[in-house]
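The values are calculated or read from the model by the stated rules, or taken from the named source; none is laboratory data. In this text the structure is predicted, and so the values were computed from the model without any measurement. Here the Cβ positions follow ideal geometry from the backbone for every residue, glycine too, while neighbour counts run over all protein chains shown.
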């Protein structure tokens, strides 16, 4: 097996050999490697197939910008992860990785045929081809696209890993632990500011940490040695927290940032267990220093995507950091000085290399150094083509014309096994723009830079466009002193020597004798878009960069165009003849690198997914076999199946029992608001549609609450407990909103009212007993209480004691039966319930759930706000005009009740429906029409509640129907998928219209 | 995610608050005297400003108090907070 690890470095622990599997084959690397560096050490460049043309692709970079080396990690159904960048994944014992987007395997890929039919799949191919016939979309196109466009596989079983969230507050957050970030963090922390320094790599130091060029020195030391010293120093600072393996995902307003910390992804399987895998940091920082650095640009020429073609600086890092050479015969193709550093490093390790430089000539310390080492340099030359299918084996270069627009002279063919490219550097302005910052364009080296730094955010180092070390350090120190308003002198006498770049030449799309249509000059490696695609989009009339991006999909892959966006912009600007600075950029959106769902969700999975509210009777319900329904956050008993009953049977039994003898409901979840104050009556007058001033103490009243637009908002019974004390009940789901709305009016519209509101929903438990035998049960529980209709009539309230515990008893009814609600302090709720059940035994007291409750109230035509109403129903629409006071001068929503729209007669109105076949149960939500023949069919309304009533032995339903009030007795049709159901409009009250049962 | 300086509790995360729309829209004292158009003006019409906007916020998961906020919607900077019933700061008019 070839070994491309050619020397030892301090970052690779050669005593710790690590075995791993790639595409099923076992390889070895060392602790300290990334998957990418270990693969390269084994001579593997080919790591995947491109998205559209399925061209062989190799590792391009050594960091987050990697477009090609994305792989699937693990093969377990619950633990596999797609789209992991091999360049960032630290190697561990037992790692299993495989290449993506190729079938049957990376070396022989059937989709590769797309490469040869590529003239047939230009930009916008999907939009153009898959448009017609319409019927083909679902059955032919979509499955086909999905099959061939696989970017890895997602896990199919729940993620067993643990994730965590953490909130932190800092005075200063420094993003990026390169030289400028380290300096900024040190200055802040030494000045006693609570500081957090985050870096996505395993160790701090950025690209300076493996810098070993003699022409770049700080205080007479190699810059890497100097920086190691600095890192040692900052580790001692008590005010500084350093988080490595932590990357900022998003920068939101008010300096609120999200960071992802990787805790176990670098550990072998057995050491990961029971540990938190990733942690999401939610950071609030008073000030943020962005020191995210820059990434090297590729160059755009024909066949610039072959395996073995990498970014020049990545070749340097693989060599000096990981001890791995990417080839033995390397060509570096550049338009700037940084490739010379790579060249010198390679030369020092004995790796033959040649430089092809776009520039006509160039002079600097680095270039002198390379020349003195005897490196062959082709100035004013351009690579025009490359060769080699699974890996580059040679290339052609040509001389550039004076203006750089064409090539001249003869082709020179050079053999090589690796090509490093450097098209300059792109400052990482993502964080700056995410925070709302604007950009400026610097023509000289064609970079977008942070425009202005605000008082709470600043960019320093190469993300601010400062590229040489002297510039970086001096400017960082000055800016941080000003930004933090401090006077740090630590770097006053720091002596920096570095090579200065004097010559620049940038050409976005390199010239070629071959017509563009016949070239493959890739811009976006991951999404396979080429210079030709961009030009085609412009030809077809696309102008906005955002449109060109979407049409060609440039920059829309998982790497979000970190390597491609600038070139796309450059080519658009050149083609359209506009200045690049005026073109703007596409929007940089979070996250900077992909986040796992696990990190976002944190601990809120399984039973922690949502807050669950249980009543104090909950245990009893569970023990007695209740099926539960979620109502808001509440768990409410839905029905109590006996002997394997289904829901229908259970509900029929429960509702019959409630009407025939007695039923009991846990009504604790209803919202309860305690209202006190001298203006409490006046307040209720203003918030309900009916009158409240005359309600006697000890009496209850049903109230309807509207929005200011006149639509029904909530309802419930309110009890006057004493002169200035009321207890309001609300719907279960509306409790919080009603309180909020009432507070709003009290605080903002009627601050003069003396009223205090307190939510007491959780303070009281409520058992509601109904049915003809309820009075007898109450009598057993409260033997001293006079339950006669004279002393305790319907809609009244009494207090009594149950074994010395105070109870509030309301005689109110939501079922139409004689009914009592017993309220007790919540801690006694379960005891109360059990005592009721015990007392009711001889009367077949039957616990019933929400479904039976809904049925019973529907028999009586009582509405449920939110089921029979939907925010567009006035009281009149509900046939509830009786509850709207004509005398009251004002209440919330009153004026809206006679807006021209609310008095329309053809509004949807609540009606009852009876099916012609009494056994037929309608579906809630079903549409209602009068005529199925004329098209389009006129939709008149829909069914809101529907049940089979065991007490009436027929199907009943409530519905909202246009002009329904006038339609009593009329025939209507409910068209269903395979039949039409005939119904007749009826009254909304189906049972006991005279309310005799209330006093039975 | 804003940091909102509740006039009663101090600086808190936005997630503790709920927004209540435009501020200083007074509920008419005599709604029944208003024409449909005048009532609609109160009920439906709201400004949607790019720039300095006066809004109501409720510290719903805190002290439950309503208060006013002056916010520049173009950059989300909160320029001032003041209690209900207080006059809006004149320098932002």
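Which ones in the stretch A:717-734 are more than 23 Å from residue A:664 (Cβ to Cβ) and either within 14 Å of another protein chain (Cβ to nearest Cβ) or modelled with pLDDT under 95 (or both)?
Matches in the stretch A:717-734: A:734 only.
What's the number of the only condition in (1) within 14 Å of chain B (Cβ to nearest Cβ); (2) in contact with a strand residue (DSSP E or B) (Cβ under 7 Å, 6 or more places away or on another chain); (3) at pLDDT below 95 that residue A:737 fails to meet?
Every listed condition holds for residue A:737 apart from (2).
Residue check: is residue B:29 more than 8 Å from every other protein chain (Cβ to nearest Cβ), in contact (Cβ under 8 Å) with a residue 12 or more places away in the chain, surrounded by fewer than 16 Cβ atoms within 10 Å (Cβ to Cβ) and out of contact with any helix residue (DSSP H, G or I) (no Cβ under 9 Å at 6 or more places or on another chain)? Step through it out loud before you land on a result.
On the way: more than 8 Å from every other protein chain (Cβ to nearest Cβ): yes; in contact (Cβ under 8 Å) with a residue 12 or more places away in the chain: no; surrounded by fewer than 16 Cβ atoms within 10 Å (Cβ to Cβ): yes; out of contact with any helix residue (DSSP H, G or I) (no Cβ under 9 Å at 6 or more places or on another chain): yes.
Against the criterion (more than 8 Å from every other protein chain (Cβ to nearest Cβ), in contact (Cβ under 8 Å) with a residue 12 or more places away in the chain, surrounded by fewer than 16 Cβ atoms within 10 Å (Cβ to Cβ) and out of contact with any helix residue (DSSP H, G or I) (no Cβ under 9 Å at 6 or more places or on another chain)), residue B:29 does not qualify.
As an exercise: evaluate residue A:319 against (1) touching a strand residue (DSSP E or B) at 6+ places or on another chain (Cβ under 7 Å); (2) more than 30 Å from residue B:75 (Cα to Cα); (3) buried (at least 24 other Cβ atoms within 10 Å of the Cβ) and give the number of the one condition it does not meet.
(1)
Does residue A:287 fit the bill of being on the phi < 0 side of the Ramachandran plot, more than 22 Å from the chain's Cα centre (by Cα) and part of a loop (DSSP other than H, G, I, E, B)? Step through it out loud before you land on a result.
Working: on the phi < 0 side of the Ramachandran plot: yes; more than 22 Å from the chain's Cα centre (by Cα): yes; part of a loop (DSSP other than H, G, I, E, B): no.
No; evaluated as a whole, the condition is false for this residue.
Residue A:910 - would you say it is within 14 Å of another protein chain (Cβ to nearest Cβ), surrounded by 15 or more Cβ atoms within 10 Å (Cβ to Cβ) and either in contact with a helix residue (DSSP H, G or I) (Cβ under 9 Å, 6 or more places away or on another chain) or not in a loop (DSSP other than H, G, I, E, B) (or both)? Talk me through it step by step, then tell me what you get.
Working: within 14 Å of another protein chain (Cβ to nearest Cβ): no; surrounded by 15 or more Cβ atoms within 10 Å (Cβ to Cβ): yes; either in contact with a helix residue (DSSP H, G or I) (Cβ under 9 Å, 6 or more places away or on another chain) or not in a loop (DSSP other than H, G, I, E, B) (or both): yes.
No: the conditions fail for residue A:910.
For residues in the stretch A:270-315 being farther than 17 Å from residue A:164 by Cα and without any contact (Cβ under 8 Å) to a residue 60 or more places away in the chain, which is nearest to the other protein chains (Cβ to nearest Cβ)?
A:271
Take residue B:24 and decide whether it is part of a loop (DSSP other than H, G, I, E, B), more than 9 Å from chain A (Cβ to nearest Cβ), loosely packed, with under 14 Cβ neighbours inside 10 Å and in contact with a helix residue (DSSP H, G or I) (Cβ under 6 Å, 6 or more places away or on another chain).
Values: part of a loop (DSSP other than H, G, I, E, B): yes; more than 9 Å from chain A (Cβ to nearest Cβ): yes; loosely packed, with under 14 Cβ neighbours inside 10 Å: yes; in contact with a helix residue (DSSP H, G or I) (Cβ under 6 Å, 6 or more places away or on another chain): no.
Considered against the rule, which asks whether it is part of a loop (DSSP other than H, G, I, E, B), more than 9 Å from chain A (Cβ to nearest Cβ), loosely packed, with under 14 Cβ neighbours inside 10 Å and in contact with a helix residue (DSSP H, G or I) (Cβ under 6 Å, 6 or more places away or on another chain), residue B:24 comes out as no.
Find the strands (runs of 3 or more DSSP E) located wholly in the stretch A:390-467 whose residues include 2 or more that are over 35 Å from the mean Cα position of the chain (by Cα), in contact (Cβ under 8 Å) with a residue 60 or more places away in the chain and not assigned by TED's automatic domain parsing to the domain that holds residue A:50, and list them.
The qualifying strands (runs of 3 or more DSSP E) are A:394-400, A:407-415, A:418-422.
Kindly establish whether residue A:354 is outside the structural domain of residue A:89 (by TED's automatic domain parsing), touching a helix residue (DSSP H, G or I) at 6+ places or on another chain (Cβ under 7 Å) and in a strand (DSSP E or B). Give the derivation first.
Numbers: outside the structural domain of residue A:89 (by TED's automatic domain parsing): yes; touching a helix residue (DSSP H, G or I) at 6+ places or on another chain (Cβ under 7 Å): no; in a strand (DSSP E or B): yes.
Answer is no for this residue.
Kindly establish whether residue A:550 is touching a residue at least 12 places away in the same chain (Cβ under 8 Å) and surrounded by fewer than 19 Cβ atoms within 10 Å (Cβ to Cβ).
No; evaluated as a whole, the condition is false for this residue.
Taking the condition away from chain A (no Cβ under 11 Å), over 13 Å from the mean Cα position of the chain (by Cα) and farther than 30 Å from residue A:434 by Cβ, does residue B:44 pass?
Details: away from chain A (no Cβ under 11 Å): no; over 13 Å from the mean Cα position of the chain (by Cα): yes; farther than 30 Å from residue A:434 by Cβ: yes.
Spelling it out, it is not the case that residue B:44 is away from chain A (no Cβ under 11 Å), over 13 Å from the mean Cα position of the chain (by Cα) and farther than 30 Å from residue A:434 by Cβ.
Which of the residues spanning the stretch B:55-93 are away from chain A (no Cβ under 11 Å), surrounded by 15 or more Cβ atoms within 10 Å (Cβ to Cβ) and in contact with a helix residue (DSSP H, G or I) (Cβ under 8 Å, 6 or more places away or on another chain)?
B:62, B:70, B:80 - these are the residues of the stretch B:55-93 that are away from chain A (no Cβ under 11 Å), surrounded by 15 or more Cβ atoms within 10 Å (Cβ to Cβ) and in contact with a helix residue (DSSP H, G or I) (Cβ under 8 Å, 6 or more places away or on another chain).
Please verify whether residue A:897 is touching a strand residue (DSSP E or B) at 6+ places or on another chain (Cβ under 9 Å) and away from chain B (no Cβ under 14 Å), treating the condition exactly as stated. Steps first, please.
Values: touching a strand residue (DSSP E or B) at 6+ places or on another chain (Cβ under 9 Å): yes; away from chain B (no Cβ under 14 Å): no.
The answer is no for residue A:897.
In the stretch A:867-887, what residues are out of contact with any strand residue (DSSP E or B) (no Cβ under 9 Å at 6 or more places or on another chain) and either in contact (Cβ under 8 Å) with a residue 60 or more places away in the chain or outside the structural domain of residue A:924 (by TED's automatic domain parsing) (or both)? Give the derivation first.
Initial filter on the stretch A:867-887 (out of contact with any strand residue (DSSP E or B) (no Cβ under 9 Å at 6 or more places or on another chain)): A:881-882, A:886-887.
Selection gives A:887 alone.
In the stretch B:1-21, how many residues are loosely packed, with under 14 Cβ neighbours inside 10 Å and either away from chain A (no Cβ under 12 Å) or not in a loop (DSSP other than H, G, I, E, B) (or both)?
Just the residues of the stretch B:1-21 that are loosely packed, with under 14 Cβ neighbours inside 10 Å, to begin with: B:8-11, B:15, B:21.
Applying the additional criterion that residues be either away from chain A (no Cβ under 12 Å) or not in a loop (DSSP other than H, G, I, E, B) (or both) yields B:9-11, B:15, B:21.
Qualifying residue count, the stretch B:1-21: 5.
Could you tell me whether the stretch A:779-788 includes any residue that is touching a residue at least 24 places away in the same chain (Cβ under 8 Å) and under 29 Å from residue A:863 (Cα atoms)?
no
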